[in-house]
Amino acid sequence: MDRFRFVLYRPLQLLPVLLGISIITFVLIRSIPGDPARLLLGTKSTPEAIARIRAQFGLDEPLWVQYLYFLKNLFNGEMGTSILYRIDVVRLIGERIGPTLSLVLGSVILAIAIAVPLATAAARNRGSLIDHTIRIISTAGLGFPAFWLGIMLIILFSVKFDMFPVSGYGDGFADRLHHMVLPCLTVALALSAVLTRNLRASMIAELSSDHATAARARGLPEGMVFWRHVLPNSLVPTINLLAVNIGWLIGGTVVVETVFSLPGMGQLLVRGIFTRDYMVVQGVAMAFACAAVLINFLADILTAAADPRVKI
Amino acid sequence: MTALLEVAGLEVAFAAGGFTWPGQAARQVKAVNGVSFALNAGETLGLVGESGCGKTTLARAILALTEKSAGEVLFEGERVDRTSLMRLRRNAAMIFQDPFNALNPRMRVGDILAEVLRVHRKVPPDRIAARVEELLVLVGLSGEHARRKPATLSGGQCQRVGIARALAVEPKLIVADECVSALDVSIQAQIINLLIDIRSRMKLAMIFIAHDLAVVRRLCDRVCVMYLGRIVEEGATADVFSAPKHPYTQALIRAIPEIDPAGSLPRNMLPGEPPSPLDLPPGCAFHPRCPQAMDICRSGDAPVLRPAGEQRAACLLYGGVRH
Amino acid sequence: MKAGSISLAMPVRLPVPLILGLCIIGGAVILALFAPFIAPYDPILQDTTNTLKPPSRAHPFGTDNFGRDVFSRVIWGTRVDLQMGLIGVLFPFIIGNTIGAISGYVGGIVDTIFMRIVDIVLAFPFLVLMLAIIAILGPGIGSFYIAMALVGWVSYARLIRAQTLVLKHSDFVTAARSLGFSHGRIMFRHIVPNALVASIVFSMSDVVLVILSGAAVSYLGLGVQPPTAEWGIMIAEGQNFITTAWWITTFPGLAIVALAFGFSMMADGLGELLGVRE
Amino acid sequence: MSAPLLDIRDLSIEAHKDGERLGIVERVSFSVATGEILGLVGESGSGKTVTCRALMRLLPTRSLRISGGKIEFAGRNLVTASEAEMRHIRGARIGMIFQNPASHLDPVMRIGRQIGESLVLHLQMSPREAKAQTIELLRQVGIPDPQRRADDFPHQFSGGMRQRAMIALALACSPELLIADEPTTALDVTVQAQILRLLVELRDKRGLSIILITHDLGVVAQTCDSVAVMYAGRICEKGPKRDVLAEPLHPYTSRLIACQPSASAEAGLLPSIPGQPPSPSAWPSGCRFHPRCERAIGLCRSSAPELVTVRSNHVAACHVTAPARLADEAA
């Protein structure tokens, strides 16, 4: 499988990107004005106490030394300690990763489940009323703010019909599932608008492609032409789109976690920014960026598997 | 007398792509592999061969549009390099295969031609419009076409604009890359006639690249047949067509579909297709398809061009001993 | 794919989405320009006697917890959000197109460096990086524009670089090179006018993203600051009253959806007109 | 003489664009006998491809539609056949190959599976039988090592091999008629000869009828039994290959033969046809060739010539040459 050789060497090529990510997060966080030590101890703190805290967190060293420390710690799997929570950032992220991960996974699955049938219905009935309706709805869907959509769903399903909880993460599997429905639906609806439009366009292109014509010329019924030849080919660009959108999707989860008070990494990030909790913001931003890199890598593998022509 | 254009040992290599581990040599494809020939003023040379034989790359390397990896090109006896490049640019022009893609879709035909005149200061600014019209008439269009955008013209008309643009620099050499193969038969004949006409009127030298040998027969004084980056046969057109020497040339000429009412498919056709330039066979690159291949053809270096009859051929059937 | 060109010889038929988009955007521009004359109430004037009133004839969109007229606030909000979308796109457009075109045309080490930077910036989830930058600069609309410029240029750079690479190898650019045209002429007369079309179409759909991000940033409390009438802030403020006063959040959200729809339609229509597919 | 396998009578095809109706193809008639290779010749836009798409009933329904005439295939009128009937004819009884095999093969499906798909569908073979038959088919079209190559994807094949695979795919269910739409235009001349040879061999072995769409009269000369020449949506001349090529009647045919360069001719100017082929939105009146014809008379501008039989099976539509030849023949 020569085509999949990239799985071995791609991680090497990703190293500079990961290094760049670490530099950017480091520089960004260190440029935040305000002294975190003072912030932590309050305005009435003594200079000695501040100095002690600064030494404890390595804040008194020159910037590049701090960066080297930072890199060294990264290799040891340490991202420092949260000034606010006073626990290890890696552990903190570990505690918070669950809700975010299930939100991302759940909404991707839900979005695909929404987008594929809609795009199929639109593309196969091109120019019909169904097509126009789906096109307009999905175009309008591009402009739905996720946070607003979440609130609207809460008003409808929680306040009005009392079907789902307003916020929180719940306990136990069933309860969590129950709590995750609305947040996932929120992200999924926003994501499915992009997916539907893209999938519809590539399906239409594939439906009039030469190989689909050739399949019809062999007497294949339209359904077979669609499911066997058109769909597999139109999924390829959609996988790429999904990968490109993953960054956007994670950004969406930050807002949605705030709306639904989900104890995930996004909420951690927003709170970290407000409280100037260096280590947490740094850790979460890095974790998000690395996750996006990893997902893109997975998408490359998936694309290579779906399209034998792809050489990465 | 020095030749207008001299090409000596020209090589063009491309990186084959793909990942290489550190220390591993990058894979290369030699699209053009040691090509030498000379072209006199006013002469037309045909470059023929199947797709992937390197004829287009050769043309671009001659015009310094593609980086060459070895060899040199002399224009009017002078080496073409960075400093003397402008001399070549002012004296040589190119015509392309795809008539639409060869013209900037956002410019009017008149502006496309005027731009060349302006950049090369061919005529005073107040004469530009008149000269544009002259050029359009020269290629069989009219001044009315100057206001049109390429998208509103037919393929044949676009190709005429492309020729007019090439003529605007008043070149001594025109390189025409498959310039009729995208056109319908009836339009193709018009363009060929136009080229024949302007060539004799303006005393142009021409390198005419084609895969269609019949067109080359019409237009060219001399012909070079290429196979996998090398010239395998070279000679006067009449000689090459009446008595081809290289087995590849023989097969190519045999395969031309002639409009013969009693025609039938040629016997003893070439088997197979050209191998990938990525892994060329040793010895003569043509040996896997050659009906007359001998044992000595299958190893060693590729044969060099040697006199064979009136022309020259790179085949061990002529001259026997390997170089 | 060949980018189509508009021919003046043929009567140009405007695509329906383009007309629809232009109407919506035009309407928004009128609302923004004439907000003081159209809005019935002062958008920030509080009226404690008149809080949390449902939609009525006097207050078509109801009032909020400070007794402010939601209808007036939505109209005034058009000013802020429209401006946010347009200015928020302007800087990334300029920076991204410049860097991308140079990177694609020059190639080599310049290209490698720029594209590595693009890779790294793209690795960060868009909103996460924006929030981090805004956190440094301090909340506010100015910080939002700067963050937008620092993060948003990468999409344009990538898009126009890809276009430039294709055009660089097109026959008409090869022809320009073979005629000895200068790099500047090839770049600005032959490549940029053709490459920019896709960027312009993309910028229309990018306005949607910018408006959404701007509203989200404001919703999180890091963008436009209260009491300015801005749709994101209004939604955030209304969230505490969803059980009792749904109208505070619903109408500003609908306004965002409508404006975004206008720009999406504009992008679709423009793409159709200029023969650009996303 | 037995009835021909395919008989097209007065087939007309219209395009609908912005409420306008344009006649793309007008009253085209020709027939193909069992085991015959018919060359359908014309320049781009002459309607030759549309005609063949129509007989497979594969016109894009949104823009093109058959507006008259009939297509009789093995005794059945395909113009009125239902979609279900057509599905049993396409692939099973009429096969089709295309100019660009690279884009006409599904890029993400293995060659062997694409062929097997038709076998399972039309011949109700089991997947196992289909696999064996697929390999046999690939062998028949001259693909070396078919067992292994059946598992390849289309992009792993060379241009000539892809066209061979396309032929195997079209012939999987032993159709009686093969429509070959410019099958060698994208190929190099040495490979073109191989593919044409394969088509002729298949005709000889299987008694296959072939419609060969091409713009190259040289290809017609090498392979076809009869030829029909189309210009601007109409047939202007048809007949046995030898007659048409040796004694072309229609001025368009004779000019087309003359302006194709020949490798045996001397250098120099080529005879050419002035002007360019018209487009459907601006068909000329009368004989559509008259603006480019050097022999045009007043009548050509006003009335469209009918096809006239000048010798057995050799017909042409020309006001000038056809009557003259008829008079000669009579004399």
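Just so it is clear, none of the values below were taken in a lab; they were calculated from the coordinates. Computed from a prediction, not measured in an experiment: that's the story for all the values here. Note that we place each Cβ from the backbone using ideal geometry, even for glycine, and neighbour counts take in every protein chain shown.
Quick look at the numbers
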read-out: Alpha-carbon centroids, the stretch C:76-124 and the stretch D:1-45: separation in whole Å; value: 54
read-out: Sequence-separation-based contact order of chain D, relative, with Cα cut under 8 Å and 6+ spacing, percent; value: 19
read-out: Fully extended contour minus Cα-Cα distance, from B:ILE296 to B:GLU67, at 0.36 nm per residue; value: 79.0 nm
read-out: Principal-axis tilt of helix B:109-119 within chain B, Cα atoms, nearest 10 degrees; value: 80
read-out: Cysteines, chain D, no other Cys beta-carbon under 4.7 Å; value: D:CYS52, D:CYS173, D:CYS224, D:CYS236, D:CYS259, D:CYS293, D:CYS318
read-out: Segment D:SER63-D:SER302, extension gain: residue separation times 0.36 nm, minus the distance between their alpha carbons; value: 83.1 nm
read-out: Förster radius 30 Å - calculated FRET efficiency between D:ALA74 and C:VAL16 (Cβ-Cβ, nearest 0.05); value: 0.05
read-out: Residues in the stretch C:224-240 reached by a label modelled at A:LEU156 [backbone nitrogen below 20 Å; 7 Å Cα→Cβ]; value: C:235-236, C:238-240
read-out: Electrostatic dipole magnitude of chain D [Cβ: Lys, Arg +1; Asp, Glu -1; Cα centre; debye, to 20]; value: 520
read-out: Label zone at D:GLU247, where the point sits 7 Å out along the Cα-to-Cβ direction: the stretch D:290-331 residues whose backbone N lies under 17 Å; value: D:308-318, D:320-331
read-out: Alpha-carbon centroids, the stretch C:160-234 and the stretch B:102-148: separation in whole Å; value: 32
read-out: Label-to-label distance, nm, for residues given as B:ALA243 and A:ASP210 (7 Å Cα→Cβ offset); value: 4.3
read-out: Proximal charge balance of B:PRO281 [Cβ under 10 Å; K/R count +1, D/E count -1]; value: +1
read-out: Estimated dipole of the protein assembly as shown in Debye, rounded to 20 [Cβ of Lys and Arg +1, of Asp and Glu -1, Cα centre]; value: 520
read-out: Given charges at beta-carbon only (K, R positive; D, E negative), |dipole| of the stretch C:8-114 in Debye; value: 280
read-out: Proxy reagent accessibility, fewest Cβ within 10 Å first, across D:ARG87, D:ARG139; value: D:ARG139, D:ARG87
read-out: Estimated FRET transfer efficiency (D:THR185, D:LYS205; beta-carbon r; R0 30 Å; 0.05); value: 0.75
read-out: Between helix D:159-171 and chain D: long-axis angle, C-alpha atoms, 0 to 90°, nearest 10; value: 80
read-out: Straight-distance crosslink candidates among lysines, where the alpha carbon sits under 28 Å from B:LYS122 and sequence neighbours closer than 8 are dropped; value: B:LYS149, B:LYS172, B:LYS203, C:LYS168
read-out: Environment charge at A:THR120 (Cβ cut-off 15 Å; Lys +1, Arg +1, Asp -1, Glu -1); value: +3
read-out: Whole-number percent relative contact order across the stretch A:95-306, with pairs defined as alpha carbons under 8 Å at least 6 apart; value: 27
read-out: Residues A:ILE239, D:ILE179 arranged by fewest to most Cβ contacts within 10 Å; value: A:ILE239, D:ILE179
read-out: Two-decimal Rg/Rh across chain A, once Rg and the Kirkwood Rh are taken from alpha-carbon atoms; value: 1.06
read-out: Label point at C:ALA258 placed 7 Å out along Cα→Cβ; residues across the stretch C:45-63 whose backbone nitrogen lies under 14 Å; value: C:60-62
read-out: Chain C, relative contact order [Cα under 8 Å, separation at least 6], %; value: 29
read-out: Kyte-Doolittle mean at least 1.6, axial Cα span of 15 Å or more - DSSP H helices of chain C; value: C:16-33, C:108-123, C:126-137, C:192-219
read-out: Charge context of C:HIS59, other residues only, Cβ under 9 angstrom, K/R +1, D/E -1; value: +1
read-out: Inter-label distance for A:ASN125 and A:ASP60, nm, one decimal - labels placed 7 Å from Cα along Cα-to-Cβ; value: 7.3
read-out: Förster-model FRET efficiency, 30 Å R0, D:ASP151 and A:VAL7, C-beta, rounded to 0.05; value: 0.90
read-out: Amide hydrogen neighbours beyond the local backbone of B:MET206, cut-off 5 Å, H modeled; value: B:GLU43, B:THR44, B:LEU45, B:ILE174
read-out: Spatial separation of Cα centroids for the stretch A:225-252 and the stretch A:270-312, in angstrom; value: 17
read-out: Ascending count of other beta-carbon atoms within 10 Å, so fewest first, for A:TYR278, A:TYR85; value: A:TYR85, A:TYR278
